[in-house]
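Q: Would you mind keeping the following structure in view while I ask a few things?
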Amino acid sequence: MSNSFFRKSMILCLSVLMLISPLAANADGAEANSPAATFGQPVDLGSPIQQISIFDSAYNQVDGSDYMYTTVSGTPAVLNVINLNTYKIVNTVPLEGSEQAWVHQADKNGSVYVGSTSNILYRYDASSGKIERLGVPIPGEGGIWSMTLDDDGNVYGGTFPGGKVFRYDAARKQFTDFGSAVEGQQYVRSMAYHGGYVYAGTGSTGHLIRIDPATGAKDEIPLKPIPGVDAYPFVYNLDVAGDYLFAHLSGGSVKQLIVYDLVNKQWLDTAIEGYDGVKVSPERNGKVYFLQNKKLVSFDLASHEVRDTGIAQTMSMKNSGWIGTNAQEKLVSIQFNGIVTLMQPEKGVREELHPIVEGQSAPLHVLEKGPDGSLYMSAYPSANAARYNPATKSREMFTMNQAESMGAYGGKLYIGIYPGAQIHELSPDLPFKLNENPLYKFSVGEEQDRPYVFAAGDDKVFFGTVPLYGKLGGSLVTYEPASVTSVTYSVYRNVVQDQSIVGLAYKDGKLYGSTSIHGGLGTQPTASEAKMFVWDTERGSKLAEFTPALSTAIKNPLMISGLTFGPDGLLWAAADGIIFAVDPDTLEVVKEAAIYPGVKDYGMWNPIHLRWGQDGLLYTDLYGRITVLDVGTMKAVYTGPETGYMALGDDGHIYYAEGTRLKMIPVNDSEPGNPGTAPSADVNGDGSVNLLDLMLVAKHTGIPVSDTNARLDLNGDGVIDVADVGIIGLSMLEH
């Protein structure tokens, strides 16, 4: 090797290092300045995910015709009025100010009441075809989750998160607040009316309360014991037929229907396991109908006999009603995806009708870059997901339930799905196919529900989870994708006692994690501050647990997230409005800045995202706002739109979610869609920054690449990129 070539190669190496690492040390120990970056105006890329999402329905007769009323989730949600005799939509009415409605009640006078998860009560007038916004029943509540009507047409509703009960007097047009059904319970998830009393079911710990509307007095009806269950699950739905109250219990492994005799004030011996019908049908000929183990069954109100009708129904019915008369009478229902089902239980006949309601754009819920450079996203609520290719500007939807996290490793995309903390694997090079790609791998179990963060390294992938409703104590999940004989995974619950794991980053055989003090919905935290921890991935044991000493924090944060290793080798994290870095060896905070001072108690589970750009800048959605940080000066060089989800494309641009829309901010490029910062670290000129570039630089400088450095993903972020080159560069300077 000539001295001339050596000098040129060293200059090239140092140029690469200076480009990508604003923390690269100069000869005198001073920090180098970050390269300048320019940020363009946001570009709207459309709504990638459309979905028919239906949670409830109501039924009545108007002028001799049978009608269904159901709301499709969207921005805004849309109430659909369907004539079931002609099977045509006769009206669609936007519910301005609301995105979802889980409860509907139709009275005998042609009015239909709709309760939204935005805490707004609406009334639809069938005669005029108009919607009236009746208002917010209880200010400060987040949503209406249950409703019932009394004999005079007054509306009673239950709310979240205060677990309160209200009445809407239809004649006086007035709301009455009856207060919390049960102190400490966040949900009044179900309601029913009978004989002058209102019955309310709570969650996340189940209670059954009887309320006297005349006085506001509340009495608790002790629930029937469930063998092996200490804390009752949600009383998810309540229905009255004849003199019986049907209580649907749902949570964890419990899927059960129990029946209360309202006259004799006692529970029947019957406990119907495998109940999955959500609601019980209205009574016909002394019977009610519901789903048990994916079959329609009848319950005889006189004999209490449960009988299989011979009708299979795999999808849950979102309420039901009766249409027609005598021999032509049919039980009608609608499914989450808009398919309408007509059933004649006595004949064992079932018919499906194609959806006629239109899907709405679904709010984006997760946004991550896949191993193929495409952007993958989920939505809430949705059974669909989408892929967007920034290079071709093409997008496509595929079937997948609500994701809470995604992460790339080994050419695959790993996905954490809610509910049930399911782990799926997607192969980007294969066609999307239901039940095959993405492919279900396993469910975490251990009372876990939401896999919120992902990390990978050393032939393993890791998930941090949040537990079920009413439960504390998340888990660390380790999975070995390379295992071909069986699905090999381990679940470690309460790595930090009673806290959920919402931050993960891997480096050199150690997994670094961070927590939220919050558990599943309906719980009260037992801890007062979030923690960080270090985990030995080989031995499966905790090495350390600590509280980072943040000097700029108003109080110790309740959630710490966004963990990532930077080109400087430090562990970076976020909490409230603060970005900070921890020395992974000493576990001390060595860099810190309150980018948004005065923020406290920010967040519950949804992590703050930190992404390293090819320009050496740190990109984040700190405090729900796109923020770009120069970690050399610890100052923001750009603040942009509000979002909870952002990612960096291979083109260097920022992609983020704004409601249902995918948007892009051009970086260092006035023409959206063109490549951003040129990969000047691409030494061998193959169009990407990869191991070959590292090897080439090392070869011509005479500095060997060790086995450890030869691992492609040096900083453990799941991507081979310029940040990994920076690690090699820093190592070279140390020589």
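Q: Counting only protein heavy atoms and a 1.4 Å probe, tell me what percentage of the chain's accessible area is made up of carbon and sulfur.
A: That share works out to 48 percent.
Q: Here's another thing I want to ask about it. Report Rg/Rh for the stretch 409-549, rounded to two decimals, where Rg is the Cα radius of gyration and Rh the Kirkwood radius.
A: Numbers: Rg = 15.1 Å, Rh = 15.4 Å.
When Rh is taken as the Kirkwood radius, the ratio is 0.98.
Q: Enumerate by residue number the trypsin sites (Lys or Arg not before Pro) in the stretch 464-544 meeting two conditions: DSSP loop (anything except H, G, I, E, B), and at most 16 other Cβ atoms within 10 Å of the site's Cβ.
A: For trypsin sites (Lys or Arg not before Pro) across the stretch 464-544 that sit outside H, G, I, E and B with at most 16 neighbouring Cβ atoms in 10 Å, the list reads R539.
Q: Now for a separate question. For T465, T488, what's the largest-to-smallest order of accessible area, 1.4 Å probe? Spell out each step's value before the answer.
A: Numbers: T465 0, T488 45 Å².
Greatest to least solvent exposure: T488, T465.
Q: At a Cα cut-off below 16 Å, give the aspartates and glutamates reachable from K295, other chains included and same-chain residues fewer than 8 away excluded.
A: Within the straight-line cut-off, K295 pairs with E273, D276, E305, D308, E346, E351, E352.
Q: Rg to Rh for the stretch 293-433: what is it, with Cα atoms only and Rh by Kirkwood?
A: In the stretch 293-433, Rg relative to Rh is 1.13.
Q: Could I ask something else about it? How large is the accessible surface per residue of the chain, computed with a 1.4 Å probe and reported in Å² as a whole number?
A: 40
Q: From zero outward in steps of 5 Å, how is the percent of C-alpha pairs of the stretch 243-345 spread across the bins?
A: Calculated P(r), rounded to whole percents: 2, 12, 23, 25, 19, 11, 5, 1, 0.
Q: Moving on. With equal scatterers on the alpha carbons only and no solvent term, can you work out the Debye log10 of I(q)/I(0) for the chain at 0.07, 0.12 1/Å?
A: The computed values of log10 I(q)/I(0) come out as -0.55, -1.34.
Q: Based on the alpha-carbon gyration tensor of the stretch 80-152 and its eigenvalue square roots a ≥ b ≥ c, which shape applies: rounded if a/c is under 1.5, prolate if not and a/b is larger than b/c, or oblate? Mind dumping the intermediate values first?
A: Details: a/c = 2.03, a/b = 1.52, b/c = 1.34.
Because a/c hits 1.5 or more and a/b exceeds b/c, the stretch 80-152 counts as prolate.
Q: How long are the semi-axes of the ellipsoid equivalent to the stretch 115-248, from square roots of 5 times the Cα gyration tensor eigenvalues, in whole Å, largest first?
A: Taking √(5λ) for each Cα gyration eigenvalue gives 26, 16, 13 Å.
Q: Hey, another quick one. Do any of K265/K287; K393/K635; K164/K531; K369/K600; K224/K279 go past 23 Å between their Cα atoms, and which? Display every interim value, and only then the final one.
A: Numbers: K265/K287 20 Å; K393/K635 33 Å; K164/K531 33 Å; K369/K600 30 Å; K224/K279 19 Å.
The answer is K393/K635; K164/K531; K369/K600.
Q: Follow-up. If you place +1 on the Cβ of every Lys and Arg and -1 on the Cβ of every Asp and Glu, how big does the dipole about the Cα centre of the stretch 130-275 come out, in debye to the nearest 20?
A: Here the stretch 130-275 has a charge dipole of around 400 debye.
Q: Cα convex hull of the stretch 139-202: mean projected area in nm², to one decimal? Walk me through the numbers on the way to the answer.
A: Values: hull surface 15.7 nm².
Taking a quarter of the hull surface, the average projection is 3.9 nm².
Q: Something else: Grab the DSSP H runs of the chain that are 4 residues or longer, score each as -39,500 (n - 2.57), total them, divide by all residues and round the 222 nm result to the nearest 500 deg cm²/dmol.
A: -2000 deg cm²/dmol
Q: How big is the convex hull of the Cα atoms of the stretch 401-474, per residue, in Å³?
A: Hull volume normalised by residue count: 82 Å³.
Q: Students sometimes get this wrong: rank R387, R350 by accessible area, probe 1.4 Å, all chains present, largest first.
A: R350, R387
Q: Using only Cα atoms, figure out Rg for the stretch 509-595 and give it as a multiple of 2.2 N^0.38 Å.
A: That works out to 1.11 for the stretch 509-595.
Q: How high is the relative contact order of the chain, given as a whole-number percent (alpha carbon pairs under 8 Å, six or more residues apart)? Write down the numbers at each step before the final one.
A: On the way: 2007 pairs, mean separation 76.2, N = 735.
Result for the chain is 10 percent.
Q: Which values of log₁₀ I(q)/I(0), to two decimal places, follow from the Debye formula for the stretch 26-168 at q = 0.12, 0.15, 0.16, 0.20 Å⁻¹ with a uniform point scatterer at every Cα?
A: -0.54, -0.76, -0.84, -1.18
Q: In degrees, nearest 10, range 0 to 90: what is the angle between the Cα axis of helix 3-20 and the longest Cα principal axis of the chain?
A: Helix 3-20 and the main axis of the chain meet at about 30 degrees.
Q: As an exercise, find the ratio Rg/Rh for the stretch 574-648 from alpha-carbon atoms, using the Kirkwood inverse-distance average for Rh.
A: That ratio is 0.95, to two decimals.
Q: Convex hull over the Cα atoms of the stretch 440-506, averaged projected area in nm²? Intermediate results must be reported in sequence, preceding the final value.
A: Values: hull surface 17.8 nm².
Taking a quarter of the hull surface, the average projection is 4.5 nm².
Q: For helix 691-701, what angle does its Cα long axis make with the longest principal axis of the chain, in degrees from 0 to 90 and rounded to 10?
A: Helix 691-701 and the main axis of the chain meet at about 20 degrees.
Q: So, one more: Pairing the Cα long axis of helix 722-734 with the longest principal axis of the chain, what angle in degrees results, from 0 to 90 and rounded to the nearest 10?
A: Taking Cα atoms only, the helix is inclined about 40 degrees.
Q: Right, next: Rolling a 1.4 angstrom probe over the protein chains, ignoring ligands and nucleic acids, what is the accessible area of I131 in square angstrom, nearest 10?
A: I131 has an accessible surface of roughly 50 Å² with all protein chains in place.
The values are calculated or read from the model by the stated rules, or taken from the named source; none is laboratory data. All values reported here derive from a predicted model rather than from experimental measurement. Don't worry about glycine lacking a Cβ; one is built from the backbone with ideal geometry, like all the others, and counts go over all protein chains shown. Heads up: the accessible areas ignore ligands, DNA and RNA and are worked out on the full protein's heavy atoms, side chains in. Shrake-Rupley method; radii C 1.70, N 1.55, O 1.52, S 1.80 Å.
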